[in-house]
Amino acid sequence: TTVLVLNGPNLGRLGSREPDVYGAQDLDALRALLEAAAPEGTTIDLRQTDDESELIHWIHEAADTGSPVILNPAAFTHYSYALRDAVSLVTKAEGTVIEVHISNPHAREQFRHTSVISGVATGVIAGFGFESYLLALTAIRRMH
Ligand code: DQA
């Protein structure tokens, strides 16, 4: 299996972006952690985009291939109904999309307390730094 690990806007700046909130490690470090944790026969396909349309197309790709998805929607979490609809079409068809966050949005500003994605995600993991992604990978392994 291939696990798609999709990251939304500004996450390409991990490592230098607000390290007090998001840590000092970058996306390449995250990829390496996931690859080290992936079971034999599981490929990690980690991507990042600042573009809502591109992210939606990647979710459509998962709908076509059946690949499980670990999704950090970043700020799109809080307002993108288009991304929500894309996630919904996957999960309503028995696909897996796990919403993850590095920080705990509920412990932050009010606007981060709402996720328009959570209601259609398979599950949500937030607040554990990069470990959130590793926990999601474990969940996928145990579910599939
Ligand atoms: C985030 C939390 C979001 O509120 C924020 O917009 C991000 C990152 C996280 O991983 O903690 O860009 O999704």
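Observations, loosely collected:
- Note on the chain: with charges restricted to the Cβ of Lys and Arg (+1) and Asp and Glu (-1), its dipole about the Cα centre is near 380 debye.
- Extending 7 Å from Cα along the Cβ direction at E54 and again at Q110 yields two label points whose distance is 3.4 nm.
- Mean Cα-pair separation over length for the chain, i.e. relative contact order, pairs under 8 Å, 6 or more apart, %: 25
- Nitroxide proxy distance, nm - points 7 Å out along Cα→Cβ at D20 and D64: 4.5
- The chain: calculated mean residue ellipticity at 222 nm from DSSP helix runs of at least 4, using -39500 (n - 2.57): -11000 deg cm²/dmol
- For the chain, the longest site-free run once trypsin sites (Lys or Arg not before Pro) in DSSP loop states with at most 15 other Cβ atoms within 10 Å are removed: 18-91
- Extreme residue, positive dipole direction of segment 2-143, given options L135, A32, L4 (C-beta unit charges): L135
- For segment 87-144, GluC sites (Glu not before Pro) are listed when DSSP marks them as loop and at most 13 other Cβ atoms sit within 10 Å of their Cβ; the list is E94, E109.
Just so you know, all these numbers are worked out from the coordinates, no wet-lab data involved. Here the structure is a predicted model, which means the values were calculated and not measured. Reconstructed Cβ throughout: ideal geometry from the backbone, glycine too, with neighbour counts over all protein chains shown.
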